[in-house]
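See structure below.
Bear in mind that the values in this text are calculations on the coordinates, not laboratory data. All figures in this text were calculated on a predicted structure; none of them were measured in a lab. Backbone-built Cβ (ideal geometry, glycine too); neighbour counts: all protein chains shown.
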Amino acid sequence: MRICIIGGGIVGTLIARQLGRFDIEVMLIEKEYDAGLGVSKANSAIIHAGYDDEPGTYRARFCSKGNMLYDELARQLDIEVVRVGSHVLAFNNEQRNVLNKLYQQGLNNNIRNLRILERDEILDMEPNINPDVVASLYAPSAGITEPWQICIAATENAAANGVEFHFNEEVIDIDAQGNKIRRVITDKHEYQVDYVINAAGLYADRIANMAKDVAIPIHPRIGEYILLNKFTTADLIHSIIFPTPSKMGKGILVIPTVDKGILLGPTSSDLNYRLKDLRATSSEGLEQIVENAKKLIPGIDIKETVKTFAGCRPETSQKDFYLGASRKIYGFFNVAGMRSPGLTAAPAIAQWTCEELQKTYNLKFNLKKDYNPYRKKIFHYYNNISLEDYDKEIQRYPEAGRFVCVCNKITEKEVIEAIKRGATTLDAIKFRTRAMFGECQGGFCTHKILQILSRELGFPLEKIVYNNAKSYVVDGKVRK
Amino acid sequence: MNRLETDILVIGAGAAGMGAAICAANSGVSVIVVERNPDAGGILNQCIHNGFGLHYFKKEFTGPEFAYQLYSKTKESGIQFLFNHFLLQLDLKNKTAIFASEEGIKLIACKALIYTAGARERPFGSLLIPGDRVSGIFTAGVAQRLTNIENRLPGTKALILGSGDIGLIMARRLTLEGVEVVAVCERMPYPGGLARNIDQCLKDFGIPLLLSTTVTEVRGDGRLREVITSSLDENYNIIEGTQRSWSVDTLVLSVGLVPSTTPIMDYFSIDGKSRGVIVDNCMRTDKDWIFSAGNCVIIYDLVDYVTYQGEMAGRSAVNYIKNGNNPARYPIKKGNGVGVINCSYYVENSDLELYIRVNKPKEKAKLVVRSDNTIIYEGKPSAFIPSEMVRVKIKAEKIDDSFKKSSLVTEIIDL
């Protein structure tokens, strides 16, 4: 029996890790060079508390549960999850009424430690919040993380437990003759499989089409973001700041990042389903972010911007996840429509998928004897080791004393380790080590990282790309 | 772990650091210079064009030649260099800096520290330019590094945003290497670089300079394919209908430098706005034993100026070690018309060397320095442009007669 997961985002990789616990054959196919480069890469990176989800939805069912699973996940995968807490701000009585509703909904969803705070207490906690605030819904269990790190960590851990990963390989067809999953055909190979888990994010509708399943009603919703310099803005806020939510969603937020920067966004505009590859920011979008973020935190200085970007998330007409076994195609299992709070819900959905597969298809997965749930992150030396120990470490590994990224203080050892773990592109190095992620955005280190990639992988500089096959960096030699 | 001791420790072996080291070592104190790169000279090493050293050496050099000339001087002075060393932290209490290198951890105790770390480039992301996130967008320094040192071309057809000197130099450099440079765009109504560079880098090669024009969108799928530019009105707002599409695979940015001060911002004061180290005219920071000079203080036009200021820091550090004095200092304020000024405080009874950048062009004006209402210095009437710094030297005697011990005010008075 063989299970094939299509899509290496947060859901796909966490399901791969869950299935990797068992004595079954599991493979994952991802069209990009790396895990987590789609929806998982560009979102608000928030572990939501779970008060926002109406009872009876998949969101309510999996969000608060997923939130709780993150502590164990962080411990096992050695990823950063920081429970910074969140405030939903109200600036008038009408908004205060919305907070009260959210509070009640939170109690129904079993969210612990929710409180409604009054102005003085809010400003004691977060002095830079707009002083016109009248109340906030405070949720201490809300947190922040780096979603791409989870994808990378889950991939490494699943691979160590025997799951087979195929990156840079695109599914182009699915053989479901007789309404039963038989083969998955990619641009490189074809595979006999018994079950397909459709975790293809924005492209889940395309995969469902290939399998001749009923259409999945998803469309892209684009969100733009602005990232501020961590060296100059870190103290502005310490928790996640939401406005009162509206019909279009949770609104534009001010979010601390685990790397101590500040993220502003997202905008929210629905796109035609054909525009799912769009990742462009717009001047209107960026203006809207600045305007709205300043309503929450007036002291934001937009001159401290280091990067702007956009991400698409799959939205469904039901405003809920699209989960479960296909009733039409035997062996086709959808984990799609992962709109907000998809990141928070993902660990719970991964567990549920494992159980649901066994229930639906009458299977019994047996635990692997040698299953190892742990994975260690790449060790970051700067400020994480005593000088004595660091000195000893450099005597063993001289490259631990060679600094590549000046802003985030990343050593050559860290970059080499990222390459050993599968990084082949500049973005893959960036997402694994935070090199090129600082205030100069690679100005001092891009050429060094190009050199290291070229040397370690044994291919010429011209072949190295930013993230996808078309994104070459240099165009040939000046002199032969 | 390795422990070293020195009288003066210099962090950064660019022009400012070498200037400081030479000056200090010539006074007979011991000097160690620590540098994170494998060689001395900093960014000079990739500036293979000429135009360096006309003031300092009274000769014209290329960047690497200027660096070599300075480095040769250090060889005569017994200065110890440590290359490939990266600053981890400062221990202010013990006047010790801690570095990592492939040899291990090194603790260097000193009597005075001189911080000369230079500047970094403003990245593309800070410009809030909308569009696709693609490869093919380089800061001018990165494009220069790739072309001149890594032997790699950034692309085949380029547009340059920003008419700062590095942008102009790269327009010529890329053209000489066969890259088609379609235009240089500048959002201000006047060029950002030196007049000689406009002539030698753009006019001589027929590259158009589009003033009051900026990039308003970048497009591409993976790699840059198209850049949209727009004209700006006098308030820097986009004039609708002026959008123009350029089919290029490369965008080079020359949009300004920012002093490199984040490694030390927890140890001594920097200016929140310019991000430069706050120093007095002796290049002393708010710690009596720490001095700073060069582009980590303010962004200079010429490496010659950077070297002079490094020398000043070196002299002051020696003076501090030998005499231990910490004389009174008074604020130097920016009055009308002054955009950037090199020092924030004036030390009593010292010669004053000022570097001033006006905040907008002046056809005819004069620079005035006063203490309260008494004029201490009055420059000759002339034209001023922001891209060309004014350098003024005022002798201590001239100031002391009329100094009111409150502050000095610099201003540009229209004539």
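Karplus-derived 3J(HN,Hα) values for region A:475-480, using 6.51 cos²θ - 1.76 cosθ + 1.60 with θ = phi - 60°, are 10, x, 8, 6, 10, 5 Hz; glycine and proline are entered as x. Over chain A, the ratio between the Cα radius of gyration and 2.2 N^0.38 Å evaluates to 0.98. Of all DSSP-defined beta bridges confined to the protein assembly as shown, some 65% are antiparallel rather than parallel. The mean count of C-beta atoms from other chains within 10 Å of the C-beta of residues in A:441-450, rounded to a whole number, is 5. If you take the alpha carbon atoms of region A:1-121 and fit the smallest convex hull around them, that volume is 151 Å³ per residue. Placing unit charges on the Cβ atoms only, positive for Lys and Arg and negative for Asp and Glu, gives the protein assembly as shown a dipole magnitude near 640 debye about its Cα centre.
Considering the convex hull of the alpha carbon atoms of region B:91-183, report its projected area averaged over all viewing directions, in nm², one decimal.
For region B:91-183, the mean projected area of the Cα convex hull comes to 9.7 nm².
Computed from Cα atoms, the angle from the helix B:165-176 axis to the main principal axis of chain B rounds to 50 degrees.
Averaging 1/r over every pair of different alpha carbons in region B:123-255 and inverting the result gives a Kirkwood radius of 14.5 Å.
What share of Cα pairs, in percent, lie more than 21 angstrom apart in region B:247-383? Please report the intermediate quantities before stating the final value.
Details: 4511 of 9316 pairs.
Of all Cα-Cα distances in region B:247-383, 48 percent exceed 21 Å.
Between beta-carbons, use under 15 Å as the cut-off and find the net charge around B:Leu194, counting Lys and Arg +1, Asp and Glu -1. So the environment of B:Leu194 carries a net charge of -3. Take each residue of peptide A:163-170, count the partner chain Cβ atoms within 10 Å of its Cβ, and average: the result is 0.
May I ask you to order A:289-296, A:156-163, A:109-116 by the average number of other C-beta atoms within 10 Å around their residues, highest value first? Spell out each step's value before the answer.
On the way: A:289-296: 18.8, A:156-163: 21.0, A:109-116: 16.1.
Highest-to-lowest ranking by the protection proxy: A:156-163, A:289-296, A:109-116.
Ranking A:Gln358, A:Leu228, B:Ala97 by how far each Cα lies toward the positive end of the dipole of the protein assembly as shown (charges on Cβ) leaves A:Gln358 at the top. Helical content of chain A, expressed as a calculated mean residue ellipticity at 222 nm, amounts to -9500 deg cm²/dmol (DSSP H runs of 4 or more residues, -39,500 (n - 2.57) each, divided by residue number, nearest 500).
Candidates A:Val306, A:Gly251, A:Gly422 compared by Cα position along the dipole of chain A: farthest toward the positive end lies A:Gly422, with charges placed on Cβ. With the helix formula -39500 (n - 2.57) applied to DSSP H stretches of n ≥ 4, chain B reaches a computed 222 nm mean residue ellipticity of -5500 deg cm²/dmol.
Counting only DSSP beta bridges with both residues in chain A, the antiparallel share comes to about 70 percent.
Note on chain B: with a GNM built from Cα contacts shorter than 10 Å, the maximum mean-square fluctuation among B:Lys111, B:Lys203, B:Lys333 falls on B:Lys203.
Remark on A:Ile47: its backbone amide H falls under 5 Å from those of A:Gly143, A:Ile144, A:Thr145, a criterion applied only to residues 5 or more positions apart or on other chains, H modelled at 1.01 Å from N. All Cα-Cα separations within region A:387-463 were binned at 10 Å from zero, giving a P(r) of 20, 51, 25, 3, 0, each value a whole percent of the pairs. Using θ = phi - 60° in the Karplus curve 6.51 cos²θ - 1.76 cosθ + 1.60, the 3J(HN,Hα) couplings for region A:443-457 round to x, 8, 10, 4, 5, 5, 5, 4, 4, 5, 4, 4, 5, 6, 8 Hz; x is entered for Gly and Pro. Of all DSSP-defined beta bridges confined to region B:123-255, some 45% are antiparallel rather than parallel. With all projection directions averaged, the alpha carbon convex hull of region B:62-106 covers 4.5 nm². Charged neighbours of B:Thr96, selected by a Cβ distance under 13 Å, balance to +3 (K, R count +1; D, E count -1).
Taking amide H as placed 1.01 Å from N in the peptide plane, the amide H of B:Gly339 sits under 5 Å from that of B:Arg357, B:Val358, B:Asn359, each at least 5 places away or on another chain. Around the amide H of B:Arg152, modelled in the peptide plane, lie the amide H atoms of A:Val478, B:Thr147, all under 5 Å away and 5 or more residues distant in sequence or on another chain.
For region A:343-480, the percent of C-alpha pairs falling in each 5 Å distance bin, counted from 0 to the bin holding the largest distance, reads 2, 9, 14, 16, 13, 11, 9, 10, 8, 5, 3, 1, 0.
Principal axis extents of the C-alpha atoms in region B:328-415 (largest first, rounded to whole Å): 35, 21, 18. Each residue of region A:269-282 was assigned a 3J(HN,Hα) from its phi angle through the Karplus expression (A = 6.51, B = -1.76, C = 1.60, θ = phi - 60°), giving 9, 6, 10, 4, 4, 6, 8, 5, 8, 5, 9, 8, 8, 10 Hz with x at Gly and Pro.
I'd like the Kirkwood hydrodynamic radius of chain B, using the inverse of the mean 1/r over distinct C-alpha pairs, in Å.
Numbers: mean 1/r = 0.0443 Å⁻¹.
One over the average 1/r among Cα pairs gives 22.6 Å for chain B.
Mind checking which of B:Ala365, B:Gly379, B:Asn349 is farthest towards the positive end of region B:328-415's charge dipole, using Cβ charges of +1 (Lys, Arg) and -1 (Asp, Glu) about the Cα centre? The listed residue farthest towards the positive side: B:Ala365. For region A:134-278, pairs of C-alpha atoms spaced more than 22 angstrom apart make up 61 percent of the total. Net charge of the neighbourhood of A:Tyr397, taken over other residues with C-beta under 13 Å away and scored Lys/Arg +1, Asp/Glu -1, is -4. Between A:His189 and B:Lys322, the distance separating the two model label sites (each 7 Å from Cα on the Cα→Cβ line) works out to 7.5 nm.
Only Cα sites of the protein assembly as shown enter the Debye sum here, all with the same form factor; the resulting log10 I(q)/I(0) across q = 0.06, 0.08 1/Å is -0.46, -0.80, listed in q order.
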